[in-house]
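Remarks on the structure that follows.
The values are calculated or read from the model by the stated rules, or taken from the named source; none is laboratory data. None of the values given here were measured: they were computed from a predicted structure. Here the Cβ is made from the backbone with ideal geometry for all residues, glycine too, and neighbour counts use every protein chain on show. These accessible areas exclude ligands, DNA and RNA; they are computed on the full protein's heavy atoms, side chains included. Shrake-Rupley method; radii C 1.70, N 1.55, O 1.52, S 1.80 Å.
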Amino acid sequence: MSDKKTLYLIDGHSYIYRAFFAIRNLSTSKGFPTNAVHGFTAMLMKVVGEKKPDYLAVCFDPKGPTTRHTMYEEYKATRPMMPEALIPQIPYIQKVVAAFNIPVLVIDKMEADDVIAALSRKASKEGFDVTIVSGDKDLFQLIDGNIKIYDTMKDEMYGREQCIEKFGVPPEKIPDLLGLTGDTSDNIPGVPGIGPKTAVQLITEYGSVEEVLANAEKIAKPKLRESLTAHAEEARLSKKLVQLMDFLPEPVEMESLLRREQHSRELIDLFKELEFTALLKYVSHEEKHECEFITVRTEAALKKLVAEIRKAGAVAIDTEASNPLPMWGEPVGIGLCIDADKSYYVPFGHEIAGGGLFPLQAEGQLDARTALGLLGPLLEDSGIKKYGHNIKTDIITLAGAGIKLAGVSFDTMVGSYLLNPGRTNHNIENVALEHLSHKKMTMGEAVGTGQKQVGFTLLDIETATRYSAENAWISWQLSGLLTERLRQEELLGLFTEIELPLIFVLADIEANGFFVDGEYLAGMGKELEITLEGIVSRIFMLAGEEFNINSPKQLASVLFEKLNLPPVKKTKSGYSTDEEVLTTLAASHELPAEILNYRELFKLKSTYVDALQRLVNPRTGRVHTTLNQAVTATGRLSSSEPNLQNIPIRGEIGRRIRKAFAAERGNLIVSADYSQIELRIMAHLARDESFIESFKNDEDIHTRTAAEIFGLPPDRVTQDMRRSAKAINFGIIYGLSAFGLSGQIGVHPREAQKYIDAYFSRHIGVKKFIENTLVEVREKGYATTIFGRKRPIPEILSGNKTVASQGERIAVNTPIQGSAADIIKVAMINIAHIFRQEGLKTRMVLQVHDELVFEAPESELDRVREIVRGEMEGVIRLEVPIKVDMGSGPDWGEAH
């Protein structure tokens with residue numbers, strides 16, 4: 001390792017533009033653009049954090065003309081104006097540099113490149129190792145034994161050999177190369193008709209611009225000879241413009257560039273303001289105070305803690321389990337916090353590795369019966385407020401141990417989600433960073449990753465204490481802070497009346513699970529295997545050879561080389577064989593059609609038929625999904641591990657897969673599905689008279705729309721017309737364009753536009769609703785649902801037309817889809833309450849957006865249908881009636 005002092009010089013202006021164009025569509029939840037700031041900041045963090053230079057400076061161009069403008073008036077004259085979205089980011093970039101405490105060099109009339117050149121050559125002579133952070137080709141002329149170029153975006157370091165490999169000439173010949181080729185970005189003319197390849201050949205043969213011009217008459221190619229002769233002065237000027245200066249008009253002392261300690265507090269505040277949550281974790285955090293993490297190892301200590309919690313009247317909890325999926329694990333320990341100074345961990349299920357069939361309990365912990373016996377009454381006491389992060393997991397895990405958690409008052413994950421629904425990850429690490437500026441221990445840091453990972457059960461108690469007690473401490477800190485934030489944003493009512501009570505409903509659904517007929521699926525799997533074997537044989541016969549059907553490369557070779565089918569589109573890795581391509585090719589050959597058939601059946605078999613059998617919980621005999629409350633920006637629930645909201649509904653195979661979701665003996669599956677709920681909400685929000693009348697008269701809305709668009713009486717509307725009208729009705733909600741509609745219904749975009757125009761001429765209310773919504777969202781920066789849910793839509797203010805159009809579609813759709821999500825959530829809460837009140841044995845087993853699925857004893861069927869229909873249809877009074885379609889049967893396929 002070199003003992004030389006290291007100096008890093010950053011080409012600030014160049015990196016600002018590179019960051020701006022490299023990162024697209026990044027902004028805060030309020031719509032402030034941050035792509036350039038983020039990219040520039042990431043570059044600084046990489047240089048400071050990874051390279052740790054001894055000396056460091058950022059060089060910027062001065063305001064106004066430079067010495068090169070006096071040499072050539074047209075210098076940089078063709079550069080466009082600074083992009084509108086970049087202008088407000090410049091002050092923040094300056095703030096970031098200041099917070100990093102990095103010296104800034106700006107010298108009047110001297111470009112940053114020249115400052116870098118003069119300073120790097122000076123430092124090189126003084127024995128420094130100099131690294132120039134830039135991607136600008138002009139600066140490559142500076143490379144020597146002590147000077148290198150570092151491009152952080154490509155993470156590549158360039159010395160002499162890398163320069164020759166990149167440009168074809170050594171560093172000292174870069175001015176000659178650019179003198180011949182010119183540089184369009186700086187409006188340096190060069191010689192017309194000479195590109196990099198020709199320029200390299202000329203320089204290799206003659207050595208320099210001057211020698212090339214001196215020998216121009218010897219060049220064989222007439223056009224090249226004529227161009228060099230006619231533009232000799234431009235070539236000489238271009239080389240002069242590219243050559244960097246060797247002097248500094250103002251002396252810069254190297255000691256002034258010593259790397260200094262960053263201002264962490266300022267960086268934290270900036271990153272929080274700019275919503276750079278992921279970058280916060282790399283800033284050294286200043287703890288406001290120390291929290292003591294205490295292991296509760298004895299019965300006496302736990303009794304004392306329980307008494308203190310009862311006295312406090314509130315506690316933050318964190319239940320750790322043997323499996324991250326709560327229905328598959330058992331509690332191992334519980335973190336508890338009642339103040340900002342101390343947090344506790346009660347271990348009772350930790351084991352020692354190597355115990356075999358009879359694992360050994362780790363020493364220094366209570367036995368589970370004693371610990372849960374003391375904690376159970378406390379956790380079940382509704383008078384003691386409970387806080388947690390993703391507390392639904394605690395509810396399910398504790399229920400498995402016979403404890404019904406009560407008194408839940410706050411969930412910091414859900415609170416964070418309501419405040420910023422656009423963020424997809426509200427894990428406790430991110431929320432702590434954003435709101436507390438606290439970097440906590442991650443699960444990976446606690447249990448390890450990859451081959452070194454251990455289950456939480458085998459984690460040593462000291463590490464477990466730090467991890468779980470810290471989680472509880474964070475939840476305690478965040479509960480009050482986020483409550484106040486929700487109040488300020490007028491979201492506290494939505495939280496307390498819908499999202500908080502919904503947690504228990506979702507916990508019940510997950511714990512209830514859905515019975516899946518494994519034998520039925522096994523038989524179906526064998527049947528599909530035989531069908532797939534037949535399809536594979538036919539594919540090989542049509543191809544004339546055997547190949548790996550799942551390999552895009554081998555399939556492309558068969559289609560485009562052996563069968564000579566015309567390639568439709570190309571990707572980086574070769575010719576595409578995606579669904580769109582195969583559908584196009586299927587019109588001219590049987591093989592692509594068979595490939596599509598194979599892919600569909602293979603996916604259905606592997607994703608559902610085979611996978612679902614493995615996901616049946618051996619303890620319950622049922623499949624238990626996770627319903628995610630804090631993922632989608634609209635307020636909808638999502639499903640994972642496994643995703644039961646994605647079970648196919650169309651096609652014979654899809655219907656057969658749904659038949660596997662069955663009721664146990666003596667029960668029936670009941671499905672209740674909102675009928676056209678989003679169209680009804682749109683009619684309500686738009687106060688559209690035509691829609692309102694149609695829904696009140698229980699007309700077929702799509703037939704009526706078709707009659708209006710095509711100018712026909714309803715009895716003359718064809719199925720194709722109705723299909724087109726349906727595409728328009730739902731397309732309007734999702735901001736469908738004429739081009740998009742034309743693709744759906746198979747007409748020319750001009751014809752599709754006529755249909756849309758005819759639609760809006762009859763539905764004035766819808767048109768006004770869309771216009772008013774866009775105006776309101778542009779003013780406020782967010783859209784709201786009927787229940788007050790907010791969704792920030794920064795995209796709508798973007799200078800990029802594509803992004804702004806996407807923002808407009810989201811703005812129109814959010815009040816509709818978000819209100820639909822809220823409506824079914826309220827219905828779920830009300831239905832679950834009545835079921836408990838009446839002591840019914842019926843279980844809610846799934847929610848799929850607008851559909852609720854129940855498993856009911858046959859004896860309760862009539863009452864369940866009455867309750868469900870009444871609550872779903874009466875959940876809110878709209879301008880139009882809410883309608884629910886219901887069905888029942890031995891399985892989901894028959895009930896839906």
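Within the chain, the proportion of C-alpha pairs whose separation exceeds 43 Å stands at 51%. Nonpolar atom fraction for the chain, defined as the carbon and sulfur part of the 1.4 Å probe accessible area, stands at 51 percent.
Entry note, the chain: relative contact order of 10 percent, from Cα contacts under 8 Å with a spacing of 6+ residues. Listed by chain and number, the aspartates and glutamates placed with their C-alpha closer than 18 angstrom to that of Lys51 are Asp3, Asp11, Asp129, Asp151, Asp155, Glu156, Glu261; residues fewer than eight positions away on the same chain are left out. Cross-link check: pairs Lys122/Lys154; Lys311/Lys386; Lys173/Lys239 evaluated at a Cα-Cα cut-off of 19 Å; pairs beyond the cut-off: Lys122/Lys154.
Computed from backbone phi with θ = phi - 60° and the Karplus coefficients 6.51, -1.76 and 1.60, the 3J(HN,Hα) list for region 264-274 is 4, 4, 5, 5, 4, 4, 5, 5, 5, 4, 8 Hz; x is used for glycine and proline. The smallest convex shape that holds all Cα atoms of region 295-358, its convex hull, gives 116 Å³ per residue. The Cα-based radius of gyration of region 238-333, divided by its Kirkwood radius, gives an Rg/Rh of 1.33.
Solvent-accessible surface of region 138-193, taken per residue with a 1.4 Å probe and all protein chains present: 40 Å².
Taking a ≥ b ≥ c as the square roots of the Cα gyration tensor eigenvalues, with a/c under 1.5 meaning rounded and otherwise prolate when a/b beats b/c, else oblate, which class fits region 538-640? In terms of gyration-tensor shape, prolate. The calculated pair-distance distribution of region 631-740 uses every alpha carbon pair, bins of 10 angstrom beginning at 0, and gives 11, 29, 31, 23, 6, 0 percent. Computed packing ranks the peptides 491-497, 130-136 as 130-136, 491-497, most packed first, by mean other Cβ atoms within 10 Å.
Provide the per residue accessible area, probe 1.4 Å, for region 463-579, rounded to a whole number of square angstrom.
49 Å²
Quick check on region 27-152: take the gyration tensor over C-alpha atoms, sort the square-rooted eigenvalues as a ≥ b ≥ c, and tell me if it's rounded (a/c under 1.5), prolate or oblate.
oblate
The order of the peptides 377-384, 637-644, 826-833 by mean Cβ neighbours within 10 Å, most packed first, is 826-833, 637-644, 377-384. Averaged over its residues, region 691-772 has an accessible area of 54 Å² per residue, based on protein heavy atoms and a 1.4 Å probe. The Rg/Rh ratio of region 760-818, with Rg taken over Cα atoms and Rh as the Kirkwood radius over Cα pairs, comes to 0.98. Can you give the helix-only mean residue ellipticity at 222 nm for the chain, where every DSSP H stretch with n ≥ 4 adds -39500 (n - 2.57) and the sum goes over all residues, rounded to the nearest 500 deg cm²/dmol? The helix-only estimate for the chain comes to -14500 deg cm²/dmol at 222 nm. Peptides 625-633, 207-215, ordered by how many other C-beta atoms sit within 10 Å of their residues on average, highest first, read 625-633, 207-215.
As a calculated quantity, the FRET efficiency between Lys452 and Glu73 at R0 = 56 Å, using C-beta atoms, amounts to about 0.30.
May I ask which of Lys726/Lys768; Lys109/Lys137; Lys125/Lys281; Lys392/Lys696 have a Cα-Cα span longer than 28 Å here?
Exceeds cut-off: Lys125/Lys281; Lys392/Lys696.
Taking 0.36 nm per residue of separation and subtracting the Cα-Cα distance, full extension of the segment from Thr718 to His748 would add 8.9 nm. With coordinates expressed along the principal axes, the C-alpha atoms belonging to region 759-896 extend over 60, 31, 28 Å, beginning with the largest.
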